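The values are calculated or read from the model by the stated rules, or taken from the named source; none is laboratory data. All of these numbers come straight from a predicted model, not from anything done at the bench. Heads up, the Cβs are rebuilt from the backbone with ideal geometry, glycines too, and the neighbour counts pull from every protein chain shown. Note: accessible area is taken over every heavy atom of the protein model, side chains too, but ligands, DNA and RNA are not part of it. Shrake-Rupley method; radii C 1.70, N 1.55, O 1.52, S 1.80 Å.
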Amino acid sequence: MRSNKRWILILFMAIIPIIGIWALNNPSIMAKTFLNLGGIKEGEAFPTVKGEEVSGESFVLASGKGKPHVVMIARIDCEVCQSTYPTLEKNKDFLRKANFVMIGKGGKEEYLQVKTEHNFSFPIVYADEQIQKDLKIKVFPTFYFIDKEGKIYKRLDGFDKDEFIKTLKEMKKG
């Protein structure tokens with residue numbers, strides 16, 4: 001009996017680090033499983049977004065207009081969001097064709113500086129309180145890939161460069 005307890009304890013002590021290592025290597029799965037990430041789920045319709053582009057023009061993103069879109073939800077002081085900028089720069093021509101829009105939480109002036117500094121040609125919309133409420137923003141960055149009917153067919157929480165590029169290529173094909 002005593003021998004069995006020892007083996008159970010050893011097994012238990014081995015399983016805990018294995019689960020911990022798996023959790024560290026799969027943070028998005030863990031987050032989706034244990035946290036309420038907010039936002040809009042895959043398969044749902046993306047709401048119409050009305051706001052102000054950081055350069056001052058009014059902006060309306062009406063989904064379901066026959067064109068697919070990619071929407072990035074960002075926050076100005078988010079390091080992961082900032083790490084996406086080189087990838088966005090390298091793919092800006094395709095992003096323009098894919099109707100890419102960044103919706104940014106933070107100061108308009110700071111986002112205008114980001115847009116100018118990185119020479120982004122896509123719109124960056126200031127996320128006022130209404131937009132934050134409509135989009136149920138909690139996680140930064142979140143990418144929504146929206147089909148021609150205005151439904152979200154893919155959602156990426158956080159930034160995985162390979163997954164982002166892969167999804168862009170899929171969008172390009174379809």
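Report, please, the projected area of the chain averaged over directions, based on the convex hull of its C-alpha atoms, in nm².
Convex hull of Cα atoms, orientation-averaged projection: 12.5 nm².
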Accessible area per residue, 1.4 Å probe, Å², for the stretch 70-130: what's the number?
48
Rounded to the nearest 10 Å², the accessible area of F12 using a 1.4 Å probe with every protein chain kept is 120
Taking 25 Å as R0, compute the FRET efficiency from the Cβ-Cβ separation of Q113 and E57 and round it to 0.05.
0.90
For n ≥ 4 DSSP H runs only, could you compute -39500 (n - 2.57) per run for the chain, divide by its residues and tell me the 222 nm figure to the nearest 500?
-13500 deg cm²/dmol
Of the DSSP H helices in the chain, the ones reaching 15 Å or more along their long axis in Cα terms and averaging at least 0.0 in Kyte-Doolittle hydropathy are 2-25
Once the Cα gyration tensor of the stretch 134-174 is found, what semi-axes does its equivalent ellipsoid get, as square roots of 5 times the eigenvalues, in whole Å, sorted largest first?
18, 15, 5
Cα gyration tensor category, rounded, prolate or oblate, for the stretch 62-122 with a/c compared to 1.5:
prolate
Just the Cα atoms of the stretch 77-174: what Rg and Dmax do they give in Å?
13.2, 36
Counting only DSSP beta bridges with both partners in the stretch 65-174, the antiparallel fraction in percent, to the nearest 5, comes to 55
Could you pull the accessible area for S121 with a 1.4 Å probe, rounded to 10 Å²?
60
Tell me the accessible surface of E57 in square angstrom (1.4 angstrom probe, heavy atoms of protein chains only), to the nearest ten.
100
How large a share of the accessible area of the chain, in percent, is made up of carbon and sulfur atoms when the probe is 1.4 Å and the other protein chains stay in place?
56
HN-Hα J in Hz across the stretch 123-134 - Karplus 6.51, -1.76, 1.60, θ = phi - 60°, x for Gly and Pro
x, 10, 9, 6, 8, 6, 4, 5, 5, 4, 5, 4
